[in-house]
1. Give the residues of region 203-214 that are farther than 14 Å from Asp137 by Cβ and either more than 9 Å from the ligand (Cβ to nearest atom) or modelled with pLDDT of 95 or more (or both), sorted by residue number.
2. Which of (1) without any contact (Cβ under 8 Å) to a residue 24 or more places away in the chain; (2) in a helix (DSSP H, G or I); (3) surrounded by 12 or more Cβ atoms within 10 Å (Cβ to Cβ) is the odd one out, the single condition Thr176 does not satisfy?
3. For Val190, work out the one condition from (1) outside any helix (DSSP H, G or I); (2) within 26 Å of Ile7 (Cβ to Cβ) it doesn't fulfil.
4. Restricting attention to region 183-202, and to residues there that are at pLDDT 95 or above, of a type in the set (A, V, I, L, M, F, W, C) and out of contact with any His (no Cβ under 8 Å at 6 or more places or on another chain), which single residue is farthest from Ser117 (Cα to Cα)?
5. Tell me which of these Tyr165 doesn't satisfy, since it passes every other one: (1) touching a Phe, Trp or Tyr at 6+ places or on another chain (Cβ under 7 Å); (2) assigned to a strand (DSSP E or B); (3) away from the ligand (no atom under 15 Å from the Cβ).
6. Identify, from the list Val33, Val27, the residue that is in a loop (DSSP other than H, G, I, E, B) and touching a helix residue (DSSP H, G or I) at 6+ places or on another chain (Cβ under 7 Å).
7. Inside region 195-278, counting only helices (runs of 4 or more DSSP H) that do not spill past its ends, which hold 2 or more residues that are touching a Leu at 6+ places or on another chain (Cβ under 8 Å) and crowded, with 23+ Cβ neighbours inside 10 Å?
8. Which residue, of Glu202, Glu163, is acidic (Asp, Glu) and under 30 Å from Tyr6 (Cα atoms)?
Amino acid sequence: MTNDLYINMINEAATAIGQAIATTMPVPKVAIVLGSGLGKLADQIENPIVISYAQIPHFKQSTAVGHRGNLIAGTLGGRPVMAMQGRFHYYEGYTMREVTLPTRVMARLGVNTLFVSNAAGAMNPDYKVGDLMVIDDHINFMPNPLLGPNLDEFGTRFPDMTEAYSRRLRNLADATAADMGVALRHGVYVAETGPTYETPAEYRMYRAMGGDAVGMSTVPEVIVARHCGIEVFGMSVITNQANDLGDDCRNDGDDVVRAADRASGTMTTLFTKMIEHC
Ligand code: HPA
């Protein structure tokens, strides 16, 4: 696909969303991507305008379990926000340009701060199911979403990644969590394509490389957001152990979604309070 065609698609999607919300509220500067089992945050959005992905030109369908497929605009923490209740994954068969189209649409609409969340397995043996991990950094084993002709009007050919996850927002998360009396982990998120979970040898490799948690999403959106100059905060909800636990440890997609759902209340409160102050 040519850059011109792709940019037209981004513009058409942005226009449709803008038209759906602009008569009711200011176009949000803060966007949230809700990962597997984390869609409940959207229930806290006040005066919601719900736009199903089917109504947005060039948005795909969310086929993954625990992903509902709505863009919801409204107020959270007293500020206009838009939340993606479900994302597109590379393992669903979408191209990286399709996976990251919504992120570029957000940039087009004027979003300058992105909160991304995901369900992740813990390589770090100290982590427990239900822990919240601030993503300090990532290691990317997916194809880079910026491969191919650069979209010059969005950003530079060689984007800096030394602070992919905003230090300012990570500090704000710590201060907010301290106020709430909630403990946060800080770690490195490893992104792989999936859809298989890892073999024990792969867990050991990721751990040896410096990874704390592993998942199948987030990094494409983060790379594209940084390319566009959007400030990013990332959070993993630990839904399962992804380390060598012995013969009776198995991974299962439904367990992952259930564990994410249980932890989603705390993450919702944290995001809401951070958005109030960011
Ligand atoms: N591995 C990969 N992706 C995941 C996991 C995991 O253990 N848990 C939730 N998403």
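The values are calculated or read from the model by the stated rules, or taken from the named source; none is laboratory data. Just so it is clear, the model here is predicted, and its values are computed rather than measured. Cβ: placed from backbone, ideal geometry, glycine included. Neighbour counts: every protein chain shown.
1. Scanning region 203-214 gives Arg204, Met205, Arg207, Ala208.
2. With (1) without any contact (Cβ under 8 Å) to a residue 24 or more places away in the chain; (2) in a helix (DSSP H, G or I); (3) surrounded by 12 or more Cβ atoms within 10 Å (Cβ to Cβ) applied to Thr176, the lone miss is (1).
3. (2)
4. Filtering first and then ranking leaves Ala183.
5. (2) is the only condition that Tyr165 fails.
6. Matching residue, one of Val33, Val27: Val27.
7. 219-227, 253-277
8. It is Glu163.
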